[in-house]
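The values are calculated or read from the model by the stated rules, or taken from the named source; none is laboratory data. Quantities reported herein were computed from a predicted structural model and do not represent experimental measurements. Methodologically, a virtual Cβ is constructed for each residue, glycine included, from the backbone with ideal geometry; neighbour enumeration extends over all protein chains shown.
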Ligand code: PCA
């Protein structure tokens, strides 16, 4: 079983992004599955392209994309990717996409295909607060999540938003659930 985990480079003038640091941390862990990681640029044009190339190359069984949500205090597992982008700040290439669909004739939203509730329970059981989110934002993370779910309908895939200073153990527990219960539930 191969799980691909993505994280993002820093953005918005920050010097670090915990989702990028997560990848380095995970690579030091002993995991029951094969882990592949990819660091994505925070650009509308480049992020999904880089993820897609990696998926096509490594052919993972599960894809878990991660990113930072600075205004949240817990790890949140996203329920849905939405077909909308409305950036509050430019991406790292200076591009601001405003109030538009991501895919013109695509569905308004696509549900995550990860065992969401079981992931949350596993993180909580390890003492790391986590909860469900139905709001992935309107920026690069949602852009990647929506395109991931839309372009790879056969893949078990979804998105985890991290708070600042996350306890990465919570994510490790979540990934172990994706390995042991790779079901697509809503
Ligand atoms: N968080 C941003 C993009 C990159 C990241 O780590 C977001 O939530 O859209």
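On the given criteria, is residue 82 over 22 Å from residue 1 (Cβ atoms) and surrounded by 20 or more Cβ atoms within 10 Å (Cβ to Cβ)?
Answer is yes for this residue.
Show the residue pairs meeting these rules: Cβ distance below 6 Å; 6+ apart or different chains; first residue within segment 128-148 and closer than 14 Å to residue 66 by Cα; second residue part of a strand (DSSP E or B) and within 8 Å of the ligand (Cβ to nearest atom).
From residues that are closer than 14 Å to residue 66 by Cα, the pairs are 141/67.
Need at least 2 residues that are closer than 30 Å to residue 99 by Cα per element, so show me which helices (runs of 4 or more DSSP H) inside segment 113-186 make the cut, counting only ones lying wholly within it.
It comes to 140-151.
Here is a list: 154, 150. Which entry is away from the ligand (no atom under 15 Å from the Cβ) and closer than 29 Å to residue 90 by Cβ? Show your work before the answer.
Working: 154 fails: closer than 29 Å to residue 90 by Cβ.
Going through 154, 150 in turn, the sole match is 150.
Out of (1) at pLDDT below 95; (2) on the phi > 0 side of the Ramachandran plot, the odd one out for residue 165 is which?
Condition (1) is where residue 165 drops out.
If a residue must be assigned to a loop (DSSP other than H, G, I, E, B), more than 19 Å from residue 177 (Cα to Cα) and away from the ligand (no atom under 11 Å from the Cβ), how many such residues does segment 46-95 contain?
Step one: of segment 46-95, the residues assigned to a loop (DSSP other than H, G, I, E, B) are 46, 59-61, 69-74, 79, 83-84, 86-95.
Still in the running and more than 19 Å from residue 177 (Cα to Cα): 46, 59, 69-73, 83-84, 86-95.
Imposing the further condition that a residue be away from the ligand (no atom under 11 Å from the Cβ) reduces the set to 46, 59, 73, 83-84, 86, 90, 93-95.
Qualifying residue count, segment 46-95: 10.
Please work out which residue is nearest to residue 161 (Cα to Cα), limiting yourself to segment 16-43 and to residues that are within 13 Å of the ligand (Cβ to nearest atom) and part of a loop (DSSP other than H, G, I, E, B).
17
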